[in-house]
Amino acid sequence: MTRFNTIIIENVYPELDGGRYPVKREVGDVLEVEADILKEGHQVLAAALKYREEGNPDWSEVPMTQRVNDRWHGSFSLERNTRYRYLIEAWPDQFESWRQDLEEKLRAGQPVRLDLLEGRLLVAAAEERAIGEDKLQLQRVAENFDGQQDIERAEALLSSTLRRLMARYPDKSLVARYEKELEVVVDRPAARFAAWYEMFPRSQGKEAGKSATFKDCEARLAEISALGFDVVYLPPIHPIGLTNRKGPNNTPGAGPDAPGSPYAIGSELGGHTAVHPELGTLEDFRGFVRAAKALNMDVALDFAIQCSPNHPYLKTHPEWFSYRPDGSIRHAENPPKKYEDIINVNFYGTHQDELWQEWRNVVRFWIEQGVKTFRVDNPHTKPIQFWEWLIRDIQDSHPEVIFLSEAFTRPKLLKILAKAGFSQTYTYFTWRNFKQELIDYLTELTQTEVKEYLRPHFFTNTPDILPAYLQSGGRPAFQIRLALAATLSSLYGIYNGFELCEATAIPGTEEYLDSEKYQYKVWDWDRPGNIKDYIAKVNAIRRENPALQELDNLRFYAADDDNVLFYGKSTPDGANTLFIAVNLDPFEPHQAVLEFPLQELGIPHDKTFQVEELLTGRKHMWRGRRHITDLDPQKNPAEIYRITRWTYRDYVETCF
């Protein structure tokens, strides 16, 4: 008969799709692991959580503890930007089982001489496994046993010192191991917490009808840094094709004098590893990256796998593209939209390996130029397996690299891309405007398994998306969406023009009128009505309050007006606790009764606590859980409260 182990290890958490995909964490986190571990009968079990860094053959382990109903828990610190593997082992704890039985018999007044002899044998067996001073201590326990009375033997064998020694050298001859090694990707903290600013490089100058340069972009960095942004994101910076070049407002046949869309990548001047000469040289770009780094900002680059009809790949690798029955090349389409200036790459065929390696080389090239963050355009139109391979390959040698997925697509496809490796993901936040839909969506993102693999990036707008809410809501709408994006998620971004409340769209669409995607543009970055001070204040609050730098600590609370969203975030130790109330209506003031969870905060209902409203600096002394707020979209569309428990001693120390 085949020997088998009767210990069951199941319902491990976190574990994605049976271990098919890794979970995500950041450097400095602690990975909490749980599992059901059980065995027939009443024998005591022991368990360990084992872990190792990728590439290290040696396992470390920490003991797991049983909490309730055969549910076990263990954790370990994630100290490096790399991948870790982890698994669970469990075994019958012979000594603890013996110890438990002995204590029961002693309480019942039963004879225990044979039990004590069994205990001595267990100690002698552990002595064989022990080393150093521990081995000598166990040897002394066994040697003293023969000269002792039963009462002395029991005291020695039940001592806490011996218990700790025996736990160090368990008998694992019947160990059971969970059948899968699981994986956690540990990214740098910027994968979880960052504020992004998207700028069109050619629109950062001051001369109409002319492209700006990287030097002009560099001149704007100080202002962007002062607004509190951590990442400056650039759309494609490569040469732009001439064939079918688009003109203002996406009009076809504009001719070579129009600047064209930067997403029509490639010309005789180069492809995905070249920069558009109007912007400057590759060295100018490297200077821009260095200047951003000096201001503690990362540069994110758009990685768009598509080509213009003039891309060098069309000559060197025509087999990488698709052709129609008449022999003409197939242009990109998303009916009814046509992109005559763009050709998609064919990922299928005998050229697959060569094609995949070329795109990997493109990413590696930009990493060499100092880029550590990539925003990936339309990843949902390329094979998921490609991204899984590419991201892992890049991160094996450059674990600091972050990939943002711009996948405005079907929910399951969006999620599988996150599982496949993307560090961050665009979301449907852009179109979630009402209270219950925001609560439902954010609950899914932060309180379900989704939080283990998808970091939601809340962009308020993009070059392709000017939401109807912003088109119609005026300046308050921009403040409301900024407050929501920046406090609901730990990742958010704006596309330049948002700070100016730019809201002019092509009628009946979400497209910007006179979009800088198709023409040169000069902005007045200080034009009246801007919300730059508001953005700077919100970003400062984010940086100063660790609670806003996490995602899964989001909780929603009661507000008795359907137009007021009320929620909070707190650090695990409760040292930093914030609550946010936002008026979702950009047109009308709303008053609401907010219910603060005093029990969760450890504040008795009859005790006073201090509330500081961080956007204005106003402070209040409150008592009780219910408080009224008036949110006027023209004055205070949102309020951010920081809670401090207040005692009489605090009052005396403050006054004197």
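The values are calculated or read from the model by the stated rules, or taken from the named source; none is laboratory data. These figures come from a predicted structure and were not determined experimentally. We place every Cβ from the backbone using ideal geometry, glycine too, and count neighbours over all the protein chains shown. Please note that ligands, DNA and RNA were not included when accessible areas were found on the heavy atoms of the full protein model with its side chains. Shrake-Rupley method; radii C 1.70, N 1.55, O 1.52, S 1.80 Å.
Points worth noting:
- Contact order normalised by residue count of the stretch 472-606, Cα under 8 Å, 6+ apart, percent: 24
- Across the alpha-carbon atoms of the stretch 331-487, the computed radius of gyration and Dmax are 17.6, 54 angstrom.
- Measuring between alpha carbons in the structure, the pairs from 39/135; 24/569; 206/293; 180/382 lying more than 26 angstrom apart are 39/135; 180/382.
- For the stretch 300-346, the Kirkwood radius over C-alpha pairs fed into Stokes-Einstein at 25 °C and 0.890 mPa s yields D = 214 µm² per second.
- Pairwise Cα distances in the stretch 248-351 exceed 25 Å in 32 percent of cases.
- Charged side chains reduced to their Cβ positions (Lys and Arg at +1, Asp and Glu at -1) give the stretch 8-111 a dipole of some 80 debye around its Cα centre.
- Gap separating the Cα centres of the stretch 261-288 and the stretch 323-356, nearest whole Å: 23
- Hydrodynamic radius of the stretch 17-84 by the Kirkwood approach over all distinct alpha-carbon pairs: 13.7 Å.
- The alpha carbons of the chain occupy a box of 102, 72, 41 Å along the principal axes, longest dimension given first.
- Equivalent-ellipsoid semi-axes of the stretch 418-458, from the Cα gyration tensor, Å, largest first: 19, 12, 5
- The accessible surface of the chain, taken with every protein chain in place and a 1.4 Å probe, is 49 percent carbon and sulfur.
- Calculated on C-alpha atoms, the gyration radius of the stretch 335-415 divided by its Kirkwood radius gives an Rg/Rh of 0.98.
- Residue (of 318, 82, 247) at the positive-pole extreme of the chain, dipole from beta-carbon charges: 247
- Reciprocal of mean inverse Cα separation for the stretch 556-605 (Kirkwood radius, Å): 12.0
- For the chain, a crude dipole built from +1 on the beta carbon of Lys and Arg and -1 on the beta carbon of Asp and Glu, taken about the Cα centre, is about 560 debye to the nearest 20.
- Helix 214-226 vs. the chain, principal-axis angle (Cα, 0 to 90°, nearest 10): 50
- Mean separation of Cα pairs under 8 Å and 6 or more residues apart, divided by the residue count, gives the chain a relative contact order of 10 percent.
- Each of 598, 299, 280 was placed along the dipole of the chain (beta-carbon charges, centred on the mean Cα), and the one lying farthest toward the positive end is 280.
- Take the Kirkwood radius over Cα pairs of the stretch 425-503, plug it into Stokes-Einstein at 37 °C and 0.692 mPa s, and you get 255 µm²/s for translational diffusion.
- Ranked by the mean number of other Cβ atoms within 10 Å per residue, highest first, peptides 353-359, 421-427 order as 421-427, 353-359.
- Net lengthening on full extension, residue 6/residue 413 (0.36 nm per residue, minus Cα-Cα): 142.6 nm
- Between helix 94-108 and the chain there is an angle of about 50 degrees, using the helix long axis and the longest principal axis of the Cα atoms.
- With contacts taken as Cα pairs under 8 Å and at least 6 residues apart, the stretch 324-380 reaches a relative contact order of 17 percent.
- Note on residue 152 and residue 513: their simple-model spin labels are 9.9 nm apart, each label 7 Å out from Cα toward Cβ.
- Between residue 104 and residue 210, the simple label model (points 7 Å from Cα in the Cβ direction) yields a spacing of 9.0 nm.
- Cα lying deepest toward the dipole's positive end in the stretch 535-579, options 554, 570, 536, charges on Cβ: 536
- For the stretch 102-206, the equivalent ellipsoid derived from the Cα gyration tensor has semi-axes of 59, 16, 15 Å, listed largest first.
- q = 0.16 Å⁻¹: log10 I(q)/I(0) that the Debye formula gives for the stretch 583-629, counting C-alpha atoms only: -0.55
- Here is the tail figure for the stretch 439-485: Cα pairs spaced more than 15 Å apart come to 55 percent of all pairs.
- Base-10 log of normalised Debye intensity for the stretch 502-577 (one unit scatterer per alpha-carbon) at q = 0.20, 0.27, 0.28 Å⁻¹: -0.96, -1.20, -1.23
- Taking Cα atoms only, the orientation of helix 532-544 departs from the longest principal axis of the chain by about 20 degrees.
- Applying the criteria of a DSSP loop state and at most 14 other Cβ atoms within 10 Å to the GluC sites (Glu not before Pro) of the stretch 174-258 yields 179, 181, 207.
- Efficiency of FRET from Cβ geometry, residue 54 and residue 164, R₀ 35 Å, rounded to 0.05: 0.60
- The calculated FRET efficiency for the pair residue 257 and residue 338, based on their C-beta separation and a Förster distance of 30 Å, comes to about 0.85.
- Per-residue packing, averaged as other Cβ atoms within 10 Å, sorts the ranges 465-473, 248-256 into the order 465-473, 248-256, beginning with the highest.
- Out of every Cα-Cα pair that the stretch 82-153 contains, those further apart than 14 angstrom amount to 68 percent.
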